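Have a look at the structure below before the remarks.
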Amino acid sequence: MSTEDLTAVLTSRICHDLVSPIGAIVNGVDLIREIGGGDIEAELGMINQSSARASALLQFYRVAFGAASSGSEIARNALRDQSRALIETPRIVLDWPEDHGPHIARAHARLLFQVILCARALTGMRGIIAIRLPVDGFLPLSLTVHSSGGADCEEMLEHLCGTAGTADLSPRLVEFVLVRQTAQELGLTINVQRGDATIRIDVEAST
């Protein structure tokens, strides 16, 4: 798949994820206009929740898909908080302990967020994503997905492992292709181990 085609698929994916919260904001505003006066707490709550969701998506995608300027770094706890705002739902838990280790280069943070997007998809939207970073750096990075969502993840894992073609790539799979390209550009390797109810993704320096 060409860079131009991958960019188009990526754009489709971002737009798809942003349509729902932004659409809910619009609907909330329409409801307020129709009702006019009275108790509008429910409508305001809808707008607040959806706008917060849209903001979290934009902040996360800015790191995951945006340019990574040389020398730029991001605090670990800031990355953890942005991830939690995006990932955590009543059915998905992000297990990432408070972390005061050294800041992470933006290029590595971009890879981390792309791997997190892969992990979220692999949960089937129900499960736990555990993230572990060494105390003194970025590598080796480990993410373990504990899932009870019954996700059909064979195609996802084929793309993550680089064994699937990309001629007709679906927007829902774009992060699985992009993350391998990002890792290769950084000279890193992604290894995947699958258990009965777990999938472990390790990012390490290429040997």
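The values are calculated or read from the model by the stated rules, or taken from the named source; none is laboratory data. These numbers were taken from a predicted model, which means no experiment stands behind them. Counting neighbours? That spans all protein chains shown, and the Cβs are built from the backbone with ideal geometry, glycine included. Heads up: the accessible areas ignore ligands, DNA and RNA and are worked out on the full protein's heavy atoms, side chains in. Shrake-Rupley method; radii C 1.70, N 1.55, O 1.52, S 1.80 Å.
Solvent exposure of the chain amounts to 52 Å² per residue of accessible area, where only protein heavy atoms count and the probe is 1.4 Å. Across the chain, Cα pairs under 8 Å and at least six residues apart give a relative contact order of 17 percent. Computed over neighbours whose Cβ is under 11 Å from that of GLY124, the net charge equals +2, Lys and Arg +1, Asp and Glu -1. Of the options (1) 1.10; (2) 1.05; (3) 0.99, only one is Cα Rg over 2.2 N^0.38 Å as computed from these coordinates, and that is (1).
Could you list the residues of the range 153-195 with an amide nitrogen less than 13 Å from a label point located 7 Å from the Cα of ASP5 in the Cα-to-C-beta direction? Only 165-171 fall inside the zone, counting backbone N under 13 Å. Per residue of the chain, the DSSP helices (runs of n ≥ 4 H) give a summed -39500 (n - 2.57) that works out to -17500 deg cm²/dmol at 222 nm. For the chain, modelled as a GNM with alpha-carbon contacts under 10 angstrom, which of GLY162, GLY45, GLY137 fluctuates the most? Looking only at GLY162, GLY45, GLY137, the biggest GNM fluctuation is shown by GLY45.
Close amide H partners of ILE92, meaning residues 5 or more places away or on another chain with modelled amide H under 5 Å apart, are GLY127. Neighbours of GLN49, meaning other residues whose beta-carbon lies under 13 angstrom from its beta-carbon, give a summed charge of -1 when Lys and Arg score +1 and Asp and Glu score -1. The distance separating the Cα centre of the range 140-188 from that of the range 59-135 comes to 16 Å. Once the Cα atoms of helix 41-65 and of the chain are each reduced to a long axis, what angle between those two axes, in degrees from 0 to 90 to the nearest 10, is obtained? Long axis of 41-65 versus the principal axis of the chain: about 20 degrees.
Within the chain, which is the longest segment containing none of the GluC sites (Glu not before Pro) that sit in a DSSP loop and have at most 15 other Cβ atoms within 10 Å? Formally, the longest exposed-site-free interval is 99-207. The local environment of ARG200, defined by Cβ-Cβ distances under 11 Å, has a net charge of +1 under the rule Lys, Arg +1 and Asp, Glu -1. Rounded to the nearest 10 degrees, the inclination of helix 174-185 to the longest alpha-carbon principal axis of the chain is 40 degrees. Taking every DSSP bridge with both residues inside the range 1-153, close to 70 percent are antiparallel. Only the Cβ atoms of Lys and Arg (+1) and of Asp and Glu (-1) were treated as charged; on that basis the dipole of the chain about its Cα centre amounts to roughly 280 debye.
Most mobile of THR163, THR123, THR11 per a Gaussian network model of the chain (Cα springs, under 10 Å)? Largest GNM mean-square fluctuation: THR163. Determine, from the Cβ-Cβ distance of GLN59 and HIS100 and an R0 of 22 Å, the FRET efficiency 1/(1 + (r/R0)^6), rounded to the nearest 0.05. For GLN59 and HIS100, the calculated efficiency is 0.55. Taking the inverse of the mean reciprocal distance over all distinct Cα pairs, the Kirkwood hydrodynamic radius of the range 71-133 comes to 12.0 Å. What do you get for the angle between helix 3-35 and the principal long axis of the chain? Use alpha-carbon atoms, 0 to 90 degrees, nearest ten. Long axis of 3-35 versus the principal axis of the chain: about 20 degrees.
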